[in-house]
Each structure stands twice: as C-alpha cells, then as structure tokens.
Amino acid sequence: MNTLLNKKKEPIDKLAAAAGHSLGGEALRRMLRSPVAITGAVITGLFVLLAIFAPLIAPKDPFQRYLQDKVILGQGIIPGSQAGYPLGVDDFGRDELSRLLVGAQNTLLVGVLATVIGVAVGILIGGLAGAFGGWVDTVLMRMVDVMLSVPSLLLAISVAALFAKPSQWTVIIAVSIIGVPIFARLLRGSMLAQRNSDHVLAATSLGVKRGAIVFRHMLPNSLGPVIVQATLTLATAILEAAALSFLGLGDADQNRAEWGIMLSKGAKQFLDVRPELAYYPAIAIIVVALGFTLLGESLREALDPKNRR
Amino acid sequence: MALLEVRDLTVDFVRRGERPFTAVDGVSFDVEPGQTVGLVGESGCGKSVTSLAIMRLLARRGNKVSGSVRFEGTDLLRLSDKDMRDRRGRDLGMVFQDPLSSLNPVIPIGLQITEVLERHRGMSRKVASVEAVDLLNKVGIPDPSRRLTEYPHQLSGGMRQRALIAIALACRPRLLIADEPTTALDVTIQAQILALLRELVQDTGTALIMITHDLGVVAGLCDEVNVLYGGKIVERAQRHQLFAQPRHPYTHGLLASIPRLDAGRHEKLIPIRGSVADNIPWDGGCAFAPRCPNALPVCREVSPRLVPDNGGLLRCHNPVRPPVAAGGGIR
C-alpha cells in the first residue's frame, strides 16, 4: 500500500520542486523576471567586482603624482582627459580613474561594515526586546525612539564629532549607529508577532525550552524584513558615509581615495576649473546607491507573501 | 484516581478599567486513563480557553486562573514554570486547529520531531531521527525518511496534521488535548485524521480531550461528552445517552441543527435562535434562557445548578422530556 502511494506521489512532488516551490526558489524566480531586480543586481554586481579587483584593474597607481608639474593651481590649470589618463588627473596630478576604482573599494568596505555592525547591534537590541517583552522591551524601545527622533545625518555628525581624531572608523561607527534603531525596531516587531504565532504556541505546548523557542522558532522567522532592510540600508550607508567625508568628518588623510572626499574637493575648490572632478565621484555614488536600492526594493517585493502569484 | 481531575476551573480575563470577563466558569471534569472526553460548544463557549488553561498556555498577563487541575495527583496550576515546561510534551501533548500555522515554516519536519525527542527523552539527534521515521510511519505518512527533510509547506494539509499528531505523541504523553484538530481540513481528510486519532488512542492507551464544535466528531470518537455554554458545563452524558436523549435544550438544539441524510427534502434545518452574548451573566438566571425555547420565568431569575441526571449531569430548570414511547422524538 505504502509503496503504491509513493509511486504515485513522487512525480507530483518532483514537478513541484522543479517549479521552484521553496520560498527562496520562488523569490529568486520572481526576481529574475523583474527588470528592476536585474538592473539593481547588475549595478551592484559590477560595483562589487570592481571594488574587489580595484588594485588589479586600476591602470595607474592611485597615489602616484604623475602629472604634478602640469598642475598650476594658481592659474586654475588641471590637465583633463588625455592619453593614459582617460578621466584626467586631480589637483595633485594623480590618475582620477584609478582613484575612483580604489575609492569603490573603500566605499564598499565602509558601507558593508557599517551595515553589518548596524544589523548586529540592531538584532541584539531588537531580539532582546522581542524575546523578553515586558519592561526590557519598554526600556530598550524608548532608547531606540530617542535615537530615531534625531535626524540621521545629525546623529552621525554628532557621533563622528565625538572622536578626537577622525578616521575611517569614525565614519563606519557613526553610520552604523544610524541603522541600529531601524533594525532593532524591525526585528522587535516581527519577534512580537512571532510570540503570538500558532507555531510558537505549539512549540511551547511541547515543552521546548525558552532559549530554543527564541533562537530556533522565533528568530529565523523574524529575520526576513531585517535582511531586506539591510540591502536598502547599504545604499543609505554609502550616501551617509560620503556625506560625512564631504563634511570633513571622515578620514583626515588627503591621500586616501575616498569618493566623499573627492566629491568635496571637486565641488568646493575646482567646480569652475574642472567640474568633472566633482561629477565623477558624484555619479559613482548615485549609481551605486541606486543599484543597492533597486536590488533591496525588488528583494522586498519578491519576498513579500502578499505579492505571491 | 483519575488521570486528570479538573476542579472548579475558572478563567477571568481582566483588563484595567473594565469588568472582568469570565471565559471559563467553574468547570469540573475527570479524564480516566485511555478515556476520550469531549468538550463541545459553539465559538466563545470557553472550550479552547479551558484547554489552554490546563496546559498553562494562556498569556501571562491579563487573565486570572483559579481552581485546580490535578494530573496524576499533581496540581499543574501550582507547578513552577520550569516543572510545567518539563511536563508539556512529555506528559501532556496538544494538537492544534491549523496544522500549517502550527508548524515552524523554516525548519524541516524532521527537526521539529527530533527537537521534542531530544528535549524530553534525552535522545541524540541520530537516535531521534530513527525514532522520527518510526513515528511518521505510525501516523500513516508514506516515505517517512524523505518527509523528514521536507518543510511544512511541501506537505498537504492532511499530512501536516498527521505530522503534528506525530510530534504531539512523540514522547508518548498520557494525555493528549486535541483542539479542533479537523476544523481546517476537508471532510475526507477529517475522517482519516479522526480514524487515526481513534486508532492511536486505542493502541497507546492515551487519554484524549477532544475539543470541537462538531457533534459528528463527538459521535465518532468520544466516550463522555461535556457540553459547554457560556463557560459552564450545561450537560454531561455518555456519548450514546447524549445522542439518544439530549436533555439540555441547548444540546437538543445543537443536534436538531445538524443536517441529516434521512430528513425529508423540504424539511428545514432548525437553528438555535440568537447568538452567544458577549458577557453571559450566569448569576441571576440561566445564560441560555434568552435563546431557549423551553425557558420558564424561573430561568431568568434563578441560576440553575449542575445536578445528577440520568447517569450524567444537567444544568437546567426545564429540560427536554425524554420521548414517552420508544422510537419517537429525537433520534
């Protein structure tokens, strides 16, 4: 009897599996059909590849002052595009293209680290609040409310200003702190929903220990929105990191190839002479932020059960 | 001594600034080992709250539970949280209404079974997996070793309920509480699940509390039936007694409102008038009186007490009379 049943069942299940019936498979399938998702994925993919292999791809040494003797700042002369220097050079005679590429690495590093730290701390706070509820929840969430009440850039600037000597870490920490309340709130909300869910009640009715209920039953079911938010936060983290550098709260080292610093110098000092020096990093920042936003947005849409078709 | 003795179980839902709402009002019943006891009533009569109170699964705040729930002599309501956790799943199991939402969607079925075995029977993951295959086999899931690696959404509704039953019975509890286990399933699957429950209860000697609004389920499964209305037991009888001779007008009404195959083509279903009131006041009259076809003036003045009747219990001033001649009346 059983074997008969099996024979009948197998092909049906295989069909179901081929159709991508698992949650991840379904989401992937829907993303592949969406032009927005593909655009986002291509931009982000390209950016990540360029960033990782920047030192190999960069045609010139980004720190070498090749054409320094041709730069005459007093007369506003900075060499533009020419053979060997497709995007021209900056005010120190360094190759702009190479600096943009290496800057991508920096941007990726700052964006990813800031987001990861933000997610980690946010999960810790939101998880504690959602798992314990009661006064723990109240205290933590009031703290989060206070953080949310300060405009994000203002918060980042205040945090960055606390450091005596600004460095890249100043930027990372300042930007990650902006993300913390968002992630904490998001996770806390879905943890609370999980607390009242049937399967958590069922697990409780089986005498499953509280730790296992939180880590095995509540947390994995609550992470979806956090992951989506993380992709979106990557975009804002990149923008905010650039903004902090632009405002001079980032790494003080002028040698460093950093999009925010490059944009700041280009916009403040050379906009009449060579506006491209501001345009290039600005475009790079916009395109990358757009890429991550598109990807995150379509990921959210693909994972949203309400959109399931 | 009975396996489970529920005495005067009362659950009040309390909210600041509002009158407390008594969802379960002095319910008492026994469950003997191996016995199947039904708790029957419409939505809001307190049957689910009773089961959650027995398992101590009600929310921590916002309610007050009193009375006693003695399981093999130990009052569950007075156990520490930790001791209660140790007993849940090991001594008392529970099967819920909606099998899809009662399973964790992100964990394979197998892990959800082994989790309980590891927790209560101290098995290693490996031994527990072997046992899990055995359990799934027992509840009639074909190709169990493959099913272990599958996720709840990959199983059909009936399979999911079978898996849930396997999980609830994994540690061979002495008492299983089934809270509307067939409501979310279609009729043919319902019959299969009920047959499975009956078989498992007989094989393992597990006592079963069956919570349902479906008298068909009761007819097929229960030894003894408690009919609840407004948080109180209004009638208790052996199954055959209840169906042959319902004494309480409410029970009578429930039975009369079931469609029957042998009814004439133009016979209409007889509904019970009205619906359950929000907060039913049992003090100062019978809560069912406003809906009762048999209501007397006394019903609105004196709250009836639960008294022995015909081998069972009855809470009514003016019960339905048994038919005078055999063969007539309500079948």
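For (1) within 20 Å of the chain's Cα centre (by Cα); (2) within 28 Å of A:Ala241 (Cβ to Cβ), each residue gets a yes or a no:
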position: A:Gly130; (1), (2): no, no
position: A:Trp135; (1), (2): no, no
position: A:Ala164; (1), (2): no, yes
position: A:Ile172; (1), (2): yes, yes
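How do the pairs read when you match residues in the range A:65-80 that are at positive phi with residues anywhere that are part of a loop (DSSP other than H, G, I, E, B) and modelled with pLDDT of 80 or more, using Cβ under 6 Å and keeping only pairs 6 or more apart or on different chains?
Short answer, once both residue conditions are applied: A:Gly76/A:Val273.
List the number of the failed condition for B:Ile141; all other conditions in (1) more than 20 Å from A:Ser205 (Cα to Cα); (2) in contact (Cβ under 8 Å) with a residue 60 or more places away in the chain; (3) surrounded by 22 or more Cβ atoms within 10 Å (Cβ to Cβ) hold.
Every listed condition holds for B:Ile141 apart from (2).
Each row is one residue, and each column tells you yes or no for (1) free of Cβ contacts under 8 Å to residues at least 40 places away in the same chain; (2) more than 13 Å from the chain's Cα centre (by Cα).
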site: B:Leu176; (1), (2): no, no
site: B:Asp179; (1), (2): no, no
site: B:Ala191; (1), (2): yes, yes
site: B:Gly205; (1), (2): no, yes
site: B:Ile209; (1), (2): no, no
site: B:Leu221; (1), (2): no, no
site: B:Gly231; (1), (2): no, yes
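Residues being within 7 Å of chain A (Cβ to nearest Cβ), in a helix (DSSP H, G or I) and either touching an Asp or Glu at 6+ places or on another chain (Cβ under 9 Å) or touching a residue at least 12 places away in the same chain (Cβ under 8 Å) (or both): count how many of those fall in the range B:104-129.
Residues in the range B:104-129 being within 7 Å of chain A (Cβ to nearest Cβ), in a helix (DSSP H, G or I) and either touching an Asp or Glu at 6+ places or on another chain (Cβ under 9 Å) or touching a residue at least 12 places away in the same chain (Cβ under 8 Å) (or both): 3 in total.
Yes or no: the range B:78-89 includes at least one residue that is surrounded by 15 or more Cβ atoms within 10 Å (Cβ to Cβ), touching a residue at least 40 places away in the same chain (Cβ under 8 Å) and not aromatic (Phe, Trp, Tyr).
Yes, there is a match, as at least one residue in the range B:78-89 is surrounded by 15 or more Cβ atoms within 10 Å (Cβ to Cβ), touching a residue at least 40 places away in the same chain (Cβ under 8 Å) and not aromatic (Phe, Trp, Tyr).
Which residue out of A:Val136, A:Val144 is part of a helix (DSSP H, G or I), surrounded by fewer than 20 Cβ atoms within 10 Å (Cβ to Cβ) and of a type outside the set (S, T, N, Q)?
That would be A:Val136, the only listed residue that is part of a helix (DSSP H, G or I), surrounded by fewer than 20 Cβ atoms within 10 Å (Cβ to Cβ) and of a type outside the set (S, T, N, Q).
Among A:Gly84, A:Gly24, which is within 14 Å of chain B (Cβ to nearest Cβ), more than 19 Å from A:Lys265 (Cα to Cα) and exposed (fewer than 13 other Cβ atoms within 10 Å of the Cβ)?
A:Gly24
Can you pull out the residues in the range B:283-302 that are out of contact with any strand residue (DSSP E or B) (no Cβ under 6 Å at 6 or more places or on another chain), crowded, with 17+ Cβ neighbours inside 10 Å and in contact (Cβ under 8 Å) with a residue 12 or more places away in the chain?
Passing the criteria: B:Gly285, B:Cys286, B:Ala287, B:Arg291, B:Cys292, B:Asn294, B:Ala295, B:Cys299.
What number of residues within the range A:282-309 are within 18 Å of the chain's Cα centre (by Cα) and either loosely packed, with under 15 Cβ neighbours inside 10 Å or not aliphatic (A, V, I, L, M) (or both)?
Total satisfying the criteria: 11.
State yes or no: is B:Ala132 surrounded by fewer than 16 Cβ atoms within 10 Å (Cβ to Cβ) and within 14 Å of chain A (Cβ to nearest Cβ)?
no
Given the conditions (1) over 27 Å from B:Leu314 (Cα atoms); (2) touching a residue at least 12 places away in the same chain (Cβ under 8 Å); (3) in contact with a helix residue (DSSP H, G or I) (Cβ under 9 Å, 6 or more places away or on another chain), and given that B:Arg19 satisfies all but one, which numbered condition is not satisfied?
Against the list (1) over 27 Å from B:Leu314 (Cα atoms); (2) touching a residue at least 12 places away in the same chain (Cβ under 8 Å); (3) in contact with a helix residue (DSSP H, G or I) (Cβ under 9 Å, 6 or more places away or on another chain), B:Arg19 comes up short only on (3).
Take the range B:304-331 and flag every residue that is at pLDDT 90 or above, surrounded by 12 or more Cβ atoms within 10 Å (Cβ to Cβ) and in a loop (DSSP other than H, G, I, E, B).
The answer is B:Pro304, B:Leu306, B:Arg315, B:Cys316, B:His317, B:Asn318, B:Pro319.
Which pairs turn up if I take residues in the range A:195-219 that are more than 9 Å from chain B (Cβ to nearest Cβ) and look for partners that are of a type in the set (S, T, N, Q) with beta carbon separation below 7 Å, at least 6 apart in sequence or on another chain?
Here the result reads A:Ile213/A:Thr204; A:Met218/A:Gln194, each pair linking the range A:195-219 to a residue that is of a type in the set (S, T, N, Q).
Output the residue which, of all residues in the range B:93-103 that are more than 8 Å from chain A (Cβ to nearest Cβ) and surrounded by 24 or more Cβ atoms within 10 Å (Cβ to Cβ), is farthest from the chain's Cα centre (by Cα).
Taking the candidates together, the pick is B:Pro99.
Limited to the range B:4-56, what total is found for residues that are more than 12 Å from the chain's Cα centre (by Cα), crowded, with 17+ Cβ neighbours inside 10 Å, assigned to a loop (DSSP other than H, G, I, E, B) and not basic (Lys, Arg)?
2
The values are calculated or read from the model by the stated rules, or taken from the named source; none is laboratory data. What you see is a predicted model, and the numbers here were worked out from it, not measured in a lab. Reconstructed Cβ throughout: ideal geometry from the backbone, glycine too, with neighbour counts over all protein chains shown.
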